[in-house]
Protein chains: 2
Amino acid sequence: VLLPPQVVGQRSETVRRSNLSAIVRALHLRGPLSRSQLVRHTGLTRSAVRGLIGELVSGGLLTETPNEPDGAPGRPSPIVHPDAEGAAVIALEINVDSLAAAHVGFGGTVRKLVRVDRPRAHVTADEIASDLAKLARPMFRMASQADALVGIGVAVAGIVRRSDGMVRLAPNLGWRDTPIGHRLAGALRSDLPMAIANESDLGGLAEHRRGAAIGESNVIYVSGEVGVGGNIIVDGQPLIGAAGYAGEIGHMIVDPGGAPCACGSSGCWETEIGERAMLLRAGRRANGGPAAVDELIAAAMAGEPAASASVARVGKWLGIGLASLVNVFNPTLVVLGGVLGRIHPLVADELASTLEQRSLTAARQLVRVTPAALGVNAPIIGAAELAFEPMLADPACLLAPVRATRSAMASA
Amino acid sequence: VLLPPQVVGQRSETVRRSNLSAIVRALHLRGPLSRSQLVRHTGLTRSAVRGLIGELVSGGLLTETPNEPDGAPGRPSPIVHPDAEGAAVIALEINVDSLAAAHVGFGGTVRKLVRVDRPRAHVTADEIASDLAKLARPMFRMASQADALVGIGVAVAGIVRRSDGMVRLAPNLGWRDTPIGHRLAGALRSDLPMAIANESDLGGLAEHRRGAAIGESNVIYVSGEVGVGGNIIVDGQPLIGAAGYAGEIGHMIVDPGGAPCACGSSGCWETEIGERAMLLRAGRRANGGPAAVDELIAAAMAGEPAASASVARVGKWLGIGLASLVNVFNPTLVVLGGVLGRIHPLVADELASTLEQRSLTAARQLVRVTPAALGVNAPIIGAAELAFEPMLADPACLLAPVRATRSAMASA
């Protein structure tokens, strides 16, 4: 029996929903646009756009303001704004060295973000959930309307099953098969929809939507933190894989006879370009934390030989792994995040010459390498995007109950 | 300025086209279906399906036959058949050891396929084009109607730019920046639309649509021929990359200090699992061609020590590279094509234990490994699928002129 790739036709209600989605997504990602710009970006007719905007304004997601005359004949097209108070999400981050919480409004407005350091130690999911709940409580109270919060997004430094947020493995937290979602829902006393994903995946998503990779369709994001993670944008969409485990590029094997890796294999890319290798090879303690990394980078910038040699070696191995990824993915952009972004100026030449030697000419000619734009907050910004996704994909779901509630309030 | 991923709304004509596409694609990939099955597979209403089928029957793409009574109340739903003579493509293949041409009808019916051996030698694009034109000429004459041929698909053993079919590099043919498409169009004296792609990419496409990976959404296809190529299915779609160069998994670097590779780098996966390495390590001549490979595999099956050791070594390195790919892509299926599929029974244990040691548990638990189903004809079947793609994506384009032509003929 031949089973095809899924084929799906479209009913007219599906079409209305998909058109609402096109408008909401455009405004969320690009910010305020005139009606004419929305017509251009969505490919819809002017009258369809007018009707859909009307629905979204009534639903409290958009506001309209008059436009300045622009010299063209006729009335200028009104400007449509996403309303950051009309819908919002709570974003959380569980990283090795810090915890963070944010309140992010529709349109990507970060209305509040708090980050606290945490010691590098194994902790239970309950402890983390309790600490995060304390950080996040004020974020919940910021919502102007009871129904404005549409979801919670969580970035975790571990391998996460997307379907239920199970953390399959987080070596630096000491977690294996840890249902952090359940713990968080309990600690937050919230039944909002919650989506959980790997922090590097979300960092890459954020760089694609709001950082160094905006507008690019084929991107490799490599993030060097305590571990090396990444995310790949394929034809405009994040590579997720069957269960959400894709993008573990830190565990590509670059040297099968190499050093043992925390994952149980050996010679993974992480063993050559990770923080631990970089510190040890520069004669530093492996677990000095962020301060040791800062000191190492400063020393390399100042030309200290051991630090410089270690960073140069990372540059070479970064090039080797990237050559493989360029050959496999044919991207137009490589974005270096975390420590790898910070050392980019020091290793750019070594990286370029390694790519020159080791990647296929046709693919290499199309790719450039750039440091990330969003810094340490990339994963939590990505977590907010993840939490917004159901609303962006189907704003109609949100619209109906919001309108019902508001008309009930108006008639009370 | 924030530029978003492309957002596109839908006009009603776009919707009609997309619905026609859903029906045509379902029938092309699954074969004959009842109207009720089409309703189920496309998600469209019964009346919409009836209308669209009517258009496609008038356009000569489909036929309907009555269904057997099935015991259910009411009239049984008619069976809708793709008409293999209503639309067809010419598929061509330029491989290292052979040339092939086929005439493939809508629905995937291979109506004729001819393959001829060629010596392993560098040849000009003109010579190849002329040889292929001789093979293909009878295929053109098989079309029952002048307008039934909708395109030409070509599989080439090289790195191909999708936009214009330029062969950027084909080491085994001796080509660099060779515009084979222009040469073929001239030799065939045809102005049909022509699409050209890498043979492994097309082999993977064929295995996904009509072979070992039907119904799977995340697949790694590795093909061991003279070179090692591959294709990756990400979320149901082939990974193409920015220009069509993606999937060069034979040039992942698995051992930076390893043997020199034909691509100019060293320690590429191809240098460990390719035909040349397998032959040399078994004490055979590297360029004995298909006969030498057959003999090597037979010897390994018979337990000859040098042959067995060489094949086992390929198994180990196959596992190392696959561990990386499993960690990067989180697939549910790995399909082994070419020589790698043939030696699968000999290396399955070694492969499984290497994956066990070297891939992340969460990802490994979801993946199985299987040999390819389509054998040597996978790339040319994929070339036919590539040539059908514009028609599958937008059958309306084809429908209008066909109907115009036929009504003109009827009134003449």
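The values are calculated or read from the model by the stated rules, or taken from the named source; none is laboratory data. Computed from a prediction, not measured in an experiment: that's the story for all the values here. Counting neighbours? That spans all protein chains shown, and the Cβs are built from the backbone with ideal geometry, glycine included. Surface accessibility is based on the protein's heavy atoms, side chains included, excluding ligands, DNA and RNA. Shrake-Rupley method; radii C 1.70, N 1.55, O 1.52, S 1.80 Å.
Side notes on the structure shown:
- From phi via Karplus (6.51, -1.76, 1.60), per-residue ³J(HN,Hα) for the stretch B:110-116 in Hz, x at Gly/Pro: 7, 7, 7, 8, 10, 10, 10
- The packing ranking of peptides B:156-167, A:317-328, A:165-176, B:237-248, highest mean first, is A:317-328, B:237-248, B:156-167, A:165-176, where packing means the average number of other beta carbon atoms within 10 angstrom of each residue.
- Student exercise, chain B dipole from Lys, Arg, Asp, Glu Cβ charges, in Debye to nearest 20: 740
- For chain B, the residue among B:77, B:148, B:341 whose Cα projects farthest onto the positive side of the dipole built from Cβ charges is B:77.
- An oblate overall shape is assigned to the stretch B:127-168, the ratio a/c of its alpha-carbon gyration tensor axes (a ≥ b ≥ c) being 1.5 or greater and a/b not exceeding b/c.
- Per residue solvent-accessible surface (Å²) - chain A, probe of 1.4 Å: 39
- Magnitude of the charge dipole for the protein assembly as shown, about its Cα centre and with charges confined to Cβ atoms of Lys, Arg (+1) and Asp, Glu (-1), is about 1460 debye.
- Per the accessible-area calculation with a 1.4 Å probe, the total area buried between chain A and chain B rounds to 5900 Å².
- Cβ-based charge dipole, chain B, positive-most Cα from B:67, B:202, B:251: B:67
- Angle of helix B:289-301 to the longest C-alpha principal axis of chain B, folded into 0 to 90 degrees and rounded to 10: 70°.
- Stretch gain in nm, segment residue B:57-residue B:389, where the contour uses 0.36 nm per residue and the Cα spacing is subtracted: 117.6 nm
- Note on residue B:280 and residue B:34: the extension gain reaches 83.1 nm, defined as 0.36 nm multiplied by sequence separation minus the Cα-Cα distance.
- Calculated FRET value between residue B:312 and residue B:291, using beta carbons and R₀ = 30 Å, to 0.05: 0.85
- For residue A:63, the label point sits 7 Å beyond Cα toward Cβ; its separations from the matching points on the remaining copies run 6.5 nm, from shortest to longest.
- Semi-axes of the equivalent ellipsoid for the stretch A:243-304, computed as √(5λ) from the eigenvalues of its C-alpha gyration tensor and ordered from largest down, come to 25, 13, 10 Å.
- Inter-probe distance in nm under a simple model that places probes 7 Å from Cα toward Cβ, at residue A:109 and residue B:137: 7.3
- By a 1.4 Å probe calculation restricted to protein chains, residue A:263 has an accessible surface near 40 Å², given to the nearest 10.
- Amide H partners (placed H, <5 Å) of residue B:166, local residues excluded: B:161
- All other residues whose Cβ lies under 15 angstrom from that of residue B:256 are scored, Lys and Arg at +1 and Asp and Glu at -1, for a net of -4.
- Normalised by the number of residues in the stretch A:110-186, the average gap of Cα pairs under 8 Å and 6 or more apart makes the relative contact order 33 percent.
- Of the accessible area of chain A, computed with a 1.4 Å probe over protein heavy atoms only, carbon and sulfur atoms account for 53 percent.
- Simple spin-label estimate for residue A:365 and residue B:356 in nanometres, 7 Å along Cα-Cβ: 4.7
- Eligible lysines near residue A:134 by straight Cα distance, threshold 30 Å, same-chain separation 8 or greater: A:112
- Dividing the alpha-carbon radius of gyration of the stretch A:132-290 by the rule-of-thumb value 2.2 N^0.38 Å gives 1.17.
- The Cα atoms of the stretch A:102-143 define a convex hull whose projected area, averaged across directions, is 3.6 nm².
- Each copy carries a label point for residue B:294 at 7 Å from Cα toward Cβ; from one copy, the others' points are 6.9 nm away, ordered from shortest.
- Average projection, convex hull of the Cα set of chain A: 25.4 square nanometres.
- Its Cα centre serving as origin, the stretch B:58-98 has a Cβ charge dipole (Lys and Arg +1, Asp and Glu -1) of approximately 220 debye.
- Measuring r between the beta carbons of residue A:126 and residue B:192 and using R0 = 51 Å, the FRET efficiency lands at 0.20.
- Peptide B:232-240 has a mean of 5 when you count, residue by residue, the C-beta atoms of other protein chains within 10 Å of its C-beta.
- Global form of the stretch B:37-135, assessed from the alpha-carbon gyration tensor, a/c cut-off 1.5: prolate
- Farthest positive-ward along the protein assembly as shown dipole, Cα basis, beta-carbon charges - from B:58, B:391, B:169: B:58
- Counting Cβ atoms of other protein chains within 10 Å of each residue's Cβ and taking the mean over peptide B:13-20 gives 3.
- Kirkwood estimate for the stretch B:272-412, i.e. one over the average of 1/r between Cα atoms, Å: 18.0
- Between 0 and 90°, nearest 10: helix B:305-329 axis offset from chain B longest Cα axis: 50
- Each stretch of four or more DSSP H residues adds -39500 (n - 2.57); spread over every residue of the protein assembly as shown, this sum gives -14000 deg cm²/dmol at 222 nm.
- Cα-Cα P(r), the stretch A:129-222, percent of pairs per 10 Å interval: 15, 38, 34, 13
- Copies compared at residue A:182 - label distances in nm, ascending, label defined 7 Å from Cα in the Cβ direction: 6.6
- For the protein assembly as shown, diffusion coefficient by Stokes-Einstein and Kirkwood Rh (Cα), 4 °C, 1.567 mPa s, µm²/s: 45
- Computed from label points 7 Å out along Cα-Cβ, the spacing between residue A:116 and residue A:67 is 4.8 nm.
- For the stretch A:208-260 versus the stretch A:86-136, the spacing of their alpha-carbon centroids is 23 Å.
- Neighbouring Cβ atoms from other chains, within 10 Å of the Cβ of residues in A:361-369, number 5 on average.
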